[in-house]
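Structure first, then comments.
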């Protein structure tokens with residue numbers, strides 16, 4: 001038996017959660033195994049012992065990996081080995097990174113890696129929640145400087161009651177899903193979605209979850225007391241307090257001038273000139289700023305300029321209630337909207353708010369466009385999904401695109417969640433729908449701009465969404481007891497501020513929410529005020545969008561695939577497909593359509609020609625159910641006999657038009673009335689017990705002799 005093994009247990013929302021340490025991965029700075037309901041996640045934490053003197057940011061990396069063996073599964077596809085992280089693994093890593101990052105000391109710039117590996121998966125235990133708890137526990141008991149602990153949870157609402165960390169199968173019955181992270185005193189991170197929940201209900205869910213989190217934080221505190229290591233001594237990143245203090249007084253006029261410039265590019269140019277001026281002053285008298293004559297003055301000038309601009313911006317907001325370029329705290333920038341700006345895409349919209357601009361397109365079609373997700377929780381096919389692209393030119397940077405990063409995946413996921421709540425059911429709208437959001441300009445909250453442009457593009461494409469959706473990003477400035485909440489934040493206000501709080505929804509409620517903070521936590525009172533102020537901004541944005549489009553177009557554009565559906569019996573599926581797929585291939589070629597068949601017998605016909613889709617639908621109904629007596633058809637003459645003509649009313653369905661059913665007069669020669677290949681109108685007169693059809697032309701319109 002391992003003498004170093006220690007186990008800590010908590011009943012967390014009705015499920016036992018255990019945190020074990022001292023048995024696995026002991027060469028890491030710390031490791032824990034977090035278990036619940038058959039799910040087990042190994043979390044390790046390691047930090048470098050040496051500092052790169054050129055490091056200019058905190059190099060934290062969080063990894064979240066789902067091993068398929070944890071669920072007793074093989075990977076799909078040719079490669080049977082876990083490779084690069086999936087989209088969901090990356091999103092889960094971000095959920096852990098965001099709340100732990102602000103808990104590290106500001107001057108700790110050592111490479112730090114937190115690795116979370118799902119070793120076993122049980123349907124009742126949520127590995128994402130356990131990984132977040134494990135990250136906090138491992139960092140807290142390690143010697144790595146960390147101002148925790150914190151804990152994570154997910155809150156659902158089933159039958160009107162909040163539920164902590166529901167099992168995977170229970171989420172389909174929940175009308176909201178909110179992931180929360182927090183310390184004992186404050187909330188650190190929020191992300192989730194809802195079915196138009198009221199602001200009051202969202203806040204209640206967050207507060208309810210935070211109360212549960214406090215219990216887990218207390219458990220980790222107990223771990224620290226029993227097995228925690230003393231925090232290591234470290235060399236902090238070089239800081240020049242003398243420079244910063246002098247910058248806060250000597251360079252404030254230049255900072256004021258920069259913040260008076262409205263346009264982003266012009267303001268960036270002003271900041272560069274400001275930095276150059278500071279660098280010249282530093283070079284003239286380095287001793288006054290605590291520098292040597294051979295110091296990198298441009299580097300220190302950048303730091304001094306940032307400090308001066310930050311002080312001026314925050315003071316103006318807190319003392320004068322005045323933002324960059326004089327904007328009010330709750331003022332939303334000017335909004336411009338357009339739809340149908342691209343000719344070929346099925347739907348398109350352009351949303352511009354200040355200097356943030358997003359072009360969204362919508363593509364609709366059949367199930368071949370479904371997005372497959374293969375995870376340990378199961379394989380899913382999504383009929384609605386959104387992709388978000390953030391090219392460097394959107395912020396004026398001269399570099400190429402190098403794939404999709406974590407930030408793009410996170411922003412796209414938030415926008416997708418916001419719109420998913422208003423998408424029609426598959427019964428109402430059986431199309432697969434893809435939204436792509438291209439950020440063309442960015443100066444604050446391009447993800448919320450994507451929600452707005454995506455909502456309008458869906459309506460432009462004719463997708464019958466329940467209601468339009470808009471989003472807004474809120475900011476926060478806090479100094480002691482003073483604070484100010486900002487609506488529709490700029491990039492600089494995000495960079496120099498203390499919070500980025502994004503809320504999306506309709507006129508009736510919230511559909512998605514995400515909050516990140518840079519301070520040690522956020523009180524419930526400030527969060528409540530931010531949510532209320534965000535609602536005002538969201539309603540304003542929705543009213544601006546409604547000036548351009550407020551409901552879906554009633555007719556799809558030309559060239560857009562149409563889908564018609566019918567239901568056949570399950571034992572008829574084989575008949576429709578035919579031996580080796582012969583029949584379904586023939587029907588698809590004949591009518592230039594794609595036919596999709598579900599296991600329950602739902603048949604979808606996808607094509608661009610309404611007439612051909614209708615003919616195909618009729619053909620399938622004929623093949624499955626046979627023709628009905630009294631029904632009229634356009635029939636093709638296939639074979640001529642002395643006693644009449646055999647005609648096809650559909651591929652593979654033939655009948656006889658007896659000579660007596662050609663015309664009212666006596667017909668002596670069939671060839672005088674029809675030729676092979678002719679199309680005539682017929683009516684079904686009888687279907688005998690052998691299934692043979694007796695057809696009549698004269699019951700519809702008597703045939704006439706050919707001249």
| field | Extension gain from residue 399 to residue 481, taking 0.36 nm per residue of separation minus the Cα-Cα distance | value | 25.3 nm
| Square roots of five times the Cα gyration tensor eigenvalues for the chain, Å | 63, 32, 21
| request: Subtract the Cα-Cα distance of residue 211 and residue 78 from 0.36 nm times their separation in residues, and report this length gain in nm to one decimal. | output: 43.3 nm
| If the label point is 7 Å along Cα→Cβ of residue 636, which residues in the range 562-597 have backbone nitrogen under 11 Å from it? | 590-591
| To the nearest 10 degrees, how steep is helix 582-591 against the longest Cα principal axis of the chain, on a 0 to 90 scale? | 90 degrees
| message | Suppose each label sits 7 Å from its Cα in the direction of the beta carbon; what would the residue 54-residue 577 distance come out to in nanometres? | response | 6.1 nm
| query | Once fully extended, how much extra length lies between residue 406 and residue 283, figured as 0.36 nm per residue of separation less the alpha-carbon to alpha-carbon distance? | reply | 40.3 nm
| message | Using the Kirkwood radius over C-alpha pairs as Rh, can you work out the diffusion coefficient of the range 562-622 via Stokes-Einstein at 4 °C, viscosity 1.567 mPa s, in µm² per second? | response | 114 µm²/s
| task | Could you line up 50, 136, 115, 373 from fewest to most neighbouring Cβ atoms inside 10 Å? | result | 50, 373, 115, 136
| remark: Asserting the computed 222 nm helical MRE of the chain (DSSP H runs at least 4 long, -39500 (n - 2.57) per run, divided by residue count, to nearest 500) equals -9500 deg cm²/dmol
| field | Packing-based order for 23-30, 478-485, 192-199, 509-516, using average beta carbon neighbours within 10 Å, highest first | value | 509-516, 192-199, 23-30, 478-485
| field | the range 241-326 shape via C-alpha gyration tensor axes, a/c threshold 1.5 | value | oblate
| query | Label points 7 Å out from Cα along the Cβ direction at residue 299 and residue 232: separation in nm? | reply | 2.2 nm
| query | Between the range 546-580 and the range 44-64, what is the C-alpha centre distance in whole Å? | reply | 52 Å
| task | Order these peptides, 118-125, 38-45, 68-75, by their mean beta-carbon neighbour count within 10 angstrom, highest first. | result | 38-45, 118-125, 68-75
| field | Kirkwood Rh and Cα Rg combined as Rg over Rh, evaluated for the range 374-517 | value | 1.01
| message | Which of rounded, prolate or oblate describes the range 69-129 when judged by the alpha-carbon gyration tensor and an a/c cut-off of 1.5? | response | prolate
| said: Report the Cα-based extents of the range 13-149 along its three principal axes, largest first, to the nearest Å. | reply: 45, 39, 26
| request: Report, for the chain, the % of DSSP beta bridges that are antiparallel, rounded to 5. | output: 90 percent
| query | Using only the Cα atoms of the range 625-707, what do you get for the radius of gyration and for Dmax, in Å? | reply | 11.7, 39
| query | Once label points are set 7 Å from the Cα along Cα→Cβ at both residue 608 and residue 694, what is their separation, rounded to one decimal in nm? | reply | 4.6 nm
| field | For peptides 147-156, 362-371, 626-635, sequence by mean Cβ density within 10 Å, most packed first | value | 147-156, 362-371, 626-635
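No lab work stands behind these numbers, since they all come straight from the coordinates. Worth saying up front: this structure is predicted, and the values here are computed from it rather than measured. Every residue, glycine as well, gets a Cβ built from its backbone with ideal geometry; the counts of neighbours run over all protein chains shown.
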